[in-house]
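Okay, so here's the structure we're looking at.
Read the figures in this text as sums done on the coordinates, not as results from a lab. Small disclaimer: the values here were computed from a predicted structure and weren't measured. No Cβ is skipped: glycine too gets one built from the backbone with ideal geometry, and neighbour counts run over all protein chains shown.
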């Protein structure tokens, strides 16, 4: 139950930070603060040259704290009292603009909150393990700089939008019956992450293999939406069984041309082009099984990657050779 200030008035809280990036320390502090007040204002602060854009962090915090008033401040201002004799007047004005009403409780996970409360009003409430030097190996020991230095060492403490930001996407690309689904799943197991299945296969099984431009546009959009959703659950890498570029190749093969929108979807960090040097197997939804049609389709797949200007590598050989080559390519990506 929300608590009221004396006289039954709305109790208001205030919290500020860079949230660069948001992590479990920030979010546990914010959720605990929200539980103590009727309205919580969260001020996201940034500078133009921050390593993670401020507008992105603002959008993340609005998503992660939908029941808070999340506002942003991105103008260059002094970051510490020693930077300017006007430090406190400047920050009093910033806080007043973000939170014009009186502040009842001012929350922070560090001891600067005491002086800030003295300057802008409100009772300082020192929440969180960090300010108490507790749980240094867990939530209490988190810092934005440590997360930025090695995000995946702190994977358990990263919310979905931040996981997606740091995840590299690898797409399995190529003609039918070259092992894309099997390889995507095998790579995901090897790297301890998740993989995205091919939407187009589900579409074909439900609605049949006869498709027009609208069907293929839908497939590209659905695949892209699935990638965006899955990415929030990935760890370091997300493996994808085809994306909209593969749908564009399908459109060129089936219709002679591809709807322009298929080339406009977000691109992956790496494409693994599986060569058609393994046997074609008819599973009821596959179409192009002759050597001639497979060769033409493979050429279209390669052309799409070249036109898109993406990073790609050809993968060939038997199943184990493909897996080994794919692992090496992903590890090389991770070293970049």
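Observations
- One quarter of the surface of the convex hull around the alpha-carbon atoms of the range 105-258 equals 13.3 nm², the direction-averaged projected area.
- Segment residue 263..residue 38, full-extension length gain: 76.3 nm, with 0.36 nm per residue of separation and the alpha-carbon distance subtracted.
- Quotient of the Cα radius of gyration of the chain and 2.2 N^0.38 Å, N being its number of residues: 1.27.
- The value of relative contact order for the chain, using C-alpha pairs under 8 Å at least six residues apart, is 15 percent.
- Label point distance in nm, residue 320-residue 165, each placed 7 Å from Cα along Cα→Cβ: 4.3
- Separation between Cα centres of the range 165-204 and the range 69-95, rounded to whole Å: 47
- Least to most buried among 324, 336 (fewest other Cβ within 10 Å first): 336, 324
- Geometric descriptor of the range 165-242, per residue, is 90 Å³ (volume of the convex hull of the Cα atoms).
- Estimated FRET transfer efficiency when R0 is 30 angstrom, pair residue 335-residue 299 (beta carbons, to 0.05): 0.45
- Multiplying each eigenvalue of the alpha-carbon gyration tensor of the range 81-186 by 5 and taking the square root yields semi-axes of 44, 18, 13 Å, largest first, rounded to whole angstroms.
- Percentage of interatomic Cα-Cα distances in the range 6-154 larger than 21 Å: 44
- At full extension, residue 327 and residue 236 could sit 31.4 nm farther apart than now, given 0.36 nm per residue minus the alpha carbon distance.
- Segments 93-102, 215-224 sorted - mean Cβ within 10 Å per residue, highest first: 215-224, 93-102
- Computed E for residue 118/residue 146 - FRET, C-beta separation, R0 30 angstrom, nearest 0.05: 0.55
- Taken along the Cα-to-beta-carbon direction at a fixed 7 Å, the label points for residue 101 and residue 213 span 5.3 nm.
- Bins of 10 Å, starting at 0 and running to the largest distance - Cα pair percent for the range 107-167: 21, 38, 29, 12, 0
- Ellipticity estimate at 222 nm from DSSP helix runs (n ≥ 4, -39,500 (n - 2.57)) divided over the chain, nearest 500: -13500 deg cm²/dmol
- Value in Å of the Kirkwood radius, where the range 167-335 supplies the Cα pairs that are averaged: 15.8
- For the range 37-98, alpha-carbon Rg over 2.2 N^0.38 Å: 1.22
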